[in-house]
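Asker: This is the structure, below, for whatever I ask next.
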There are 2 protein chains.
Amino acid sequence: MARIKIEKNSSRKEVIVSKAAALFREKGFKAASMRDLAESVGVEAASLYNHIKSKTELLHEICFGVANRFMHKMDEVESGSNSAIEKVEQLIRFHIDEMVNHYEEVYVSDREWKHLADPYLSNFQTQRRMYRKRFAAIIEDGIRNKEIKKIDAPTAVLILLHAIGGIESWHRSTQKINASNLTDNMITILVGGLELK
Amino acid sequence: MARIKIEKNSSRKEVIVSKAAALFREKGFKAASMRDLAESVGVEAASLYNHIKSKTELLHEICFGVANRFMHKMDEVESGSNSAIEKVEQLIRFHIDEMVNHYEEVYVSDREWKHLADPYLSNFQTQRRMYRKRFAAIIEDGIRNKEIKKIDAPTAVLILLHAIGGIESWHRSTQKINASNLTDNMITILVGGLELK
DNA sequence: ATTATTTGCTAACACCCGTTAGTATATTAT
DNA sequence: ATAATATACTAACGGGTGTTAGCAAATAAT
């Protein structure tokens with residue numbers, strides 16, 4: 001009867017949530033079964049329920065964990081006194097950093113939130129909408145200050161977020177060493193564009 | 001005993017595939033049941049099997065339908081004699097057009113291909129990899145010709161594709177009338193960048 | 001009109017799912 | 001050492017899944 005091994009400063013529940021994130025990323029929330037998860041944790045399926053309430057709770061934990069980190073960063077960036085372009089760059093760098101260091105959770109939060117149950121679902125959607133609005137407001141500031149081109153700000157936000165969120169491949173194929181390399185690359189493309197002027 | 005209604009030039013199977021695409025987009029492949037699909041088609045679940053072999057076959061049809069259209073367009077663009085930037089713009093416009101006119105299929109092909117079964121899965125992945133390689137080659141041509149900035153071409157491709165593929169919202173919220181408006185907006189941002197020089 | 005084919009139906013199958021009840025064992029507190 | 005708590009196990013539940021068999025009705029072909 002082998003217990004779930006825990007590192008110090010982490011509960012057994014946190015171990016389960018972490019393994020769940022990896023599994024949900026690999027198979028998708030619906031396709032990943034509690035028996036799959038149990039096997040990956042090294043325990044029988046029923047035993048998981050000593051630590052968690054339900055499968056959906058795992059998705060809550062993952063999605064709102066990520067959402068909260070992004071919200072806090074947005075607070076920080078907004079209250080700073082940088083230019084709009086600098087703020088955009090700060091946010092892009094944060095998104096990429098999150099993608100590198102919390103890949104599974106961010107990925108799942110991005111792609112699997114549809115399977116949240118109400119009231120969590122609408123709560124999550126609201127937070128998402130808020131975040132995008134605040135991001136767009138920064139861009140609109142930049143347009144007003146003539147730092148940024150006259151473009152549709154909400155569209156720009158969607159482009160930025162999805163461009164970053166879509167980078168699945170290089171997490172696996174590339175080492176973290178040249179992550180900063182790729183970050184610069186992305187910012188060059190997204191802020192500066194493709195065209196050589 | 002009401003039959004599945006068909007428009008002229010379309011088989012009953014095509015009707016089912018089309019409804020399946022809408023359902024898979026809304027709920028995800030795994031979460032969408034054959035009984036859900038049957039209801040949306042207006043028939044009992046078992047009746048579907050007079051027209052299709054399996055649930056997975058529906059996913060095959062959707063994914064490879066989309067993949068083939070993209071491959072043909074790539075053939076066309078490659079063999080043209082435009083500049084690299086123009087070729088990139090052609091491809092971006094095609095992607096957006098596909099997103100507008102075949103939204104459900106493109107979305108499902110993008111997000112649900114993981115649930116394909118081998119050998120279709122690896123086949124699909126190979127096609128996908130090929131497409132991206134060919135896209136990257138165009139960008140590298142542009143870099144050599146000094147049309148395009150010195151950037152990492154594969155990264156640029158991922159950014160472009162995901163930026164476009166991520167635009168879920170405006171299909172619902174916006175009419176097709178200003179789709180061309182948004183297309184221009186996207187090309188401005190992606191080709192020209194955010195920054196006002 | 002008769003036959004053949006297509007398409008639908010009902011019923012059921014074997015299987016996988018998330019979850020609970022009840023119990024045994026390991027760890028922690030007294 | 002003893003009691004209390006936390007954690008794991010086995011067994012099983014009700015329900016949903018994709019799919020098949022067998023049959024009825026509608027359409028198409030002769």
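The values are calculated or read from the model by the stated rules, or taken from the named source; none is laboratory data. Keep in mind that this is a model prediction, so the values were computed, not measured. Counting neighbours? That spans all protein chains shown, and the Cβs are built from the backbone with ideal geometry, glycine included. Heavy atoms of the whole protein, side chains included, go into the accessibility calculation; ligands, DNA and RNA do not. Shrake-Rupley method; radii C 1.70, N 1.55, O 1.52, S 1.80 Å.
Asker: When Cβ neighbours within 10 Å are restricted to other protein chains, what is their mean count per residue of peptide B:51-63?
Answerer: Working: counts 0, 0, 0, 0, 0, 0, 0, 0, 0, 0, 0, 0, 0.
If you average over the peptide's residues, the count of other-chain Cβ atoms is 0.
Asker: Then there's this: Kirkwood hydrodynamic radius of the stretch B:40-136 from all distinct Cα pairs, in Å?
Answerer: On the way: mean 1/r = 0.0666 Å⁻¹.
Averaging 1/r across every pair of different Cα atoms and inverting gives 15.0 Å.
Asker: Next up: Given the rule -39500 (n - 2.57) for each run of at least 4 DSSP H residues, summed and divided by the residues of chain A, what is its mean residue ellipticity at 222 nm, to the nearest 500 deg cm²/dmol?
Answerer: Theoretical 222 nm ellipticity from helices: -21000 deg cm²/dmol.
Asker: Could you work out, residue by residue across A:145-154, how many beta carbons of other chains sit within 10 Å of that residue's beta carbon, and then give the average as an integer?
Answerer: On the way: counts 1, 1, 3, 4, 8, 3, 8, 8, 0, 3.
Mean inter-chain Cβ contacts per residue within 10 Å come to 4.
Asker: Evaluate the charge dipole of the protein assembly as shown about its Cα centre and quote only its size in Debye, nearest 20, assuming +1 on the Cβ of each Lys and Arg and -1 on the Cβ of each Asp and Glu.
Answerer: 540
Asker: What net charge is computed for the residues neighbouring B:A117, neighbours being all others with C-beta under 15 Å from the C-beta of B:A117, Lys and Arg scored +1, Asp and Glu -1?
Answerer: In short, +1.
Asker: Separate question: Taking R0 as 45 Å, what FRET efficiency do you get between A:E44 and A:A137 from their Cβ-Cβ distance, rounded to the nearest 0.05?
Answerer: 0.35
Asker: Averaging the inverse of every distinct alpha carbon separation and then flipping it gives the Kirkwood radius. What is it for the protein assembly as shown, in angstrom units?
Answerer: In the protein assembly as shown this quantity evaluates to 22.9 Å.
Asker: Dividing the alpha-carbon Rg of chain A by 2.2 N^0.38 Å yields what?
Answerer: Computed over Cα atoms of chain A, the ratio equals 1.16.
Asker: What is the distance in Å between the Cα centroid of the stretch A:106-122 and that of the stretch A:45-88?
Answerer: With the stretch A:106-122 and the stretch A:45-88 each reduced to a Cα centre, they are spaced 12 Å.
Asker: Among the lysines, which fall within straight-line cross-link reach of A:K149, defined as a Cα-Cα distance under 20 Å, with same-chain neighbours fewer than 8 residues apart omitted?
Answerer: A:K87, A:K133, A:K197, B:K149, B:K197
Asker: Where is the GNM fluctuation largest for chain B (alpha-carbon springs, 10 angstrom cutoff): B:S180, B:S11, B:S79?
Answerer: Answer for the Gaussian network model of chain B: B:S79.
Asker: With a cap of 14 neighbouring Cβ atoms within 10 Å, and only residues DSSP puts in a loop, list the GluC sites (Glu not before Pro) found in the stretch A:1-56.
Answerer: Counting only loop positions with at most 14 other Cβ atoms within 10 Å, the GluC sites (Glu not before Pro) in the stretch A:1-56 are A:E7, A:E44.
Asker: Run the accessible area of the stretch B:55-192 with a 1.4 Å probe and give the carbon-and-sulfur part as a rounded percent.
Answerer: 50
Asker: Please give the average number of partner chain Cβ atoms lying within 10 Å of the Cβ of each residue in A:25-34, rounded to a whole number.
Answerer: 3
Asker: Taking Cα pairs under 8 Å and at least six residues apart, what relative contact order does chain B come out at, in percent?
Answerer: Relative contact order for chain B comes out at 21 percent.
Asker: Give the ranking of A:R35, B:R129 by solvent-accessible surface, highest area first, calculated with a 1.4 Å probe.
Answerer: My answer, sorted largest first, is A:R35, B:R129.
Asker: Which of the lysines could a cross-linker bridge to B:K55, judged by Cα under 24 Å and excluding same-chain residues fewer than eight apart?
Answerer: Output for B:K55: A:K27, A:K30, A:K114, B:K5, B:K13, B:K19, B:K27, B:K30, B:K114.
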